[in-house]
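What follows is calculated from the coordinates using simple rules that are stated; it is not laboratory data. All values derive from a computational prediction rather than experimental measurement. Here the Cβ positions follow ideal geometry from the backbone for every residue, glycine too, while neighbour counts run over all protein chains shown.
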Amino acid sequence: ALPSGRTSYRHLYEYNYELKELARKNPTLVSAFTMPESTWEGRDVVGVEIATDVKNLTDGKPVNFTMGVHHAREWPAGEHVMEWAYELVNGYSHDAAIRSLVGKTRNIVVPIINPDGFEISREAEPKGDFTRFDYEMKRKNCNVSDSPPQYATGVCKANPGGRLRGTDPNRNYAGFWGGNGAELAWSGDTFRGSAPFSEPEVRNVRSIVSSRQVTNLITMHTVAALVLRPPGVADVRPPLEEPQYKALGDKLASRNGYTSEPSWALYDTTGTTEDWSYWATGGWGFTIEVGGNGFHGPYADNVVAEYEGLAPATGAGKGGNRQAFLDMLGNAADP
Ligand code: 0X9
Ligand code: ZN
């Protein structure tokens, strides 16, 4: 069973409520916070920080940052990150190994980076047909300011323009922004935005990474069962890979049974999360794409099995994303 006991996909209001409840019930260990900027539609981006004596921000401990749902339709990404928060809280009182790792680190956990997009996808009438008006399959955020005037009015969800309004938050970071694998057209599903960090959701992540000692970062996506490290674009790949980076990615992948590879080997992208954070700070960052059945397939498959390491196709018996997250925490605690 999952650390929270959950058996179905959360709604946005449940994420926000549960994060605040975790903090209310564990006031010295957990602190809930709202990211500095609200979204285009005015939503809060909510997270928790988990550390021994969490309010003492001057303890100098390394920060392990876990986040999900840059992409609206990738619901399992938020679930895995939310369960990780419960894992740390439950483990702190019941598991000596987790208590020790948490004791050496600070953990920032933000399940839903893109709440505007997630709300549209999560509350949509299910269709699953990938048409331009299929809100369940929305990927991007709700910045409509780059849409032509006839599409730029009203709320993000309203027709016309359908799900294709918005910027891809995972093409809007400054790392190699403007290069291959990111569309210039406002309607593209990988639209890069008008400038690096034009999006509040992306500036929120920048603000945490730039103001805190984030030595380790995981950004969760779906769907291809991958552990991806930089660089995201082939023409900047170094002649020799950093062996420690590959080794850490391979270790995480040995837990969830996913494929460990540099991101460019999947396809070129620019402006993605770790292609900025790694070059900006030197901290390790990985994209983990949860495996399973579709962008948000059955909860038992895509969330429970992939988190717990029960999925026959990938991680059966190896510990799942739970253990991959624990290994990343271990790297933050004892680099
Ligand atoms: O394209 C993305 O943003 C990620 N895949 S997803 O299906 N979740 O949209 C992967 C980005 C990883 N980076 C590269 N492939 N270069
Ligand atoms: Zn994604």
Fill in the blank from the handout: From DSSP H assignment alone, runs of 4+ in the chain each adding -39500 (n - 2.57), the sum over residues rounded to the nearest 500 puts [θ] at 222 nm at -9000 deg cm²/dmol
Fill in the blank from the handout: Restricting to lysines and to Cα separations under 28 Å from LYS127, and discarding same-chain partners fewer than 8 apart, the set is LYS138, LYS140, LYS157
Practice task
Please list, or write none, the lysines whose alpha carbon is within less than 19 Å of the alpha carbon of LYS20, excluding same-chain residues fewer than 8 places away.
Solution key: LYS55
Problem - Partners for LYS318 among aspartates and glutamates (Cα-Cα distance below 16 Å; same-chain residues under 8 apart left out) - result: ASP250, ASP301, GLU306, GLU308, ASP327
Problem - Candidates GLY292, GLY317, GLY175: whichever shows maximal mean-square fluctuation once the chain is modelled as a Gaussian network with Cα springs under 10 Å - result: GLY317
Fill in the blank from the handout: Once amide hydrogens are built 1.01 Å from N within the peptide plane, the residues lying 5 or more places from ILE218 or on another chain with amide H under 5 Å from its amide H are PHE65, THR66, MET67, PHE286
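So, R0 is 22 Å and r is the distance between the beta-carbons of GLN150 and ALA185; what FRET efficiency does that work out to, to 0.05?
On the way: r = 15 Å, r/R0 = 0.70.
So, using R0 = 22 Å, E works out to roughly 0.90.
Using R₀ = 25 Å, calculate the FRET efficiency as 1/(1 + (r/R₀)^6) where r is the Cβ-Cβ separation of ALA97 and ASP53; round to 0.05.
Calculated value: 0.80.
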